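Below is one structure; the comments refer to it alone.
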Amino acid sequence: MNAIQQQKDYYEKYWTTGHAQYSGDNQGYATNVRNWMRAQLRDLAANAAILEVGCGDGSFTRNLAEHSSRVTAVDISPSQIERNARAHPEITFLQHDVALPFPFADAVFEVIWCSEVLEHLFDPAFAVREMQRVLAPGGRLLVTVPYHGVFKDVLIALFRWDEHFAPGNPHIRFFTRRTLSQVAESAGFVEIKTTTCGMNKPLRDLIVATNILLTARKR
């Protein structure tokens, strides 16, 4: 079995058996991420072309469709894509491994949404370069990834080292606000801004964030 097929099989199982655990609907940060999405897209034209990179079970895809009638979403899992398409026939779902060149022409999308995906990729910089390629000039990139920073990493080292770096953990890349910004900058994006969000748990959120939220534009 080659690496591409192995990865596809992994995420078939990931969504088939782990849906309750991994669905965006079941994450504590979901409300904050959706509020951020709505704030970023409130002025978007109703027919703007949106691409979601790594849609999973479509938890955020249907929210994107609140802002535009032209949403395309891709994911590596064929069976999950089929389930999404049945549930949301108004959205275009395509099976695609985002570690490979995107199946789209240059400069065809006005917005790209990529939430909790880059941390799963061996080469996230390649995927971000592909996002830059298929965005139209002036197009917007919106990315979320799990937050990492010095204090959080100290806590991981003290209390969750084995769990966080266990072979079964699907996260293989770890980002700080600076390193995520550097990936976007190296792909040619400008007007790069980052912020963070938490899980609506006041004490935990005060100590450490949950997610990094990045916005950028294509020249």
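Computed from the coordinates by the stated procedures, all read-outs in this text should not be read as laboratory data. Note that the structure is a prediction, hence the values are computed from the model and not measured. Positions of Cβ are generated from backbone atoms using ideal geometry, with glycine treated the same way; all protein chains shown enter the neighbour counts.
Residues in the stretch 29-52: is at least one at positive phi, touching a residue at least 12 places away in the same chain (Cβ under 8 Å) and of a type outside the set (D, E, K, R)? No - not one qualifying residue is present in the stretch 29-52.
One residue stands out among those in the stretch 1-21 that are touching a residue at least 60 places away in the same chain (Cβ under 8 Å) and either assigned to a loop (DSSP other than H, G, I, E, B) or touching a Phe, Trp or Tyr at 6+ places or on another chain (Cβ under 8 Å) (or both): the one that is surrounded by the most Cβ atoms within 10 Å (Cβ to Cβ), which is Trp15.
Restricting the first member to the stretch 91-117 and to residues that are more than 23 Å from Leu180 (Cβ to Cβ), and the second to residues that are assigned to a loop (DSSP other than H, G, I, E, B) and of a type outside the set (A, V, I, L, M, F, W, C), the beta-carbon pairs closer than 8 Å and six or more apart or on different chains are Ile91/Gly58; Phe93/Gly58; Leu94/Pro103; Gln95/Ser77; Pro103/His96. Out of curiosity, is Ala216 closer than 24 Å to Gly56 by Cα, surrounded by 21 or more Cβ atoms within 10 Å (Cβ to Cβ), among the aliphatic types (A, V, I, L, M) and touching a helix residue (DSSP H, G or I) at 6+ places or on another chain (Cβ under 6 Å)? Answer is yes for this residue. Inspect all residues belonging to the stretch 78-90 and state whether any of them is under 25 Å from Asp9 (Cβ atoms), under 18 Å from the mean Cα position of the chain (by Cα) and either among the acidic types (Asp, Glu) or in a loop (DSSP other than H, G, I, E, B) (or both). No, there is no match, as no residue in the stretch 78-90 is under 25 Å from Asp9 (Cβ atoms), under 18 Å from the mean Cα position of the chain (by Cα) and either among the acidic types (Asp, Glu) or in a loop (DSSP other than H, G, I, E, B) (or both).
Just one residue in the set Leu118, Leu64, Leu135 is among the hydrophobic types (A, V, I, L, M, F, W, C), under 22 Å from Thr215 (Cα atoms) and in contact with a Pro (Cβ under 6 Å, 6 or more places away or on another chain); that residue is Leu118.
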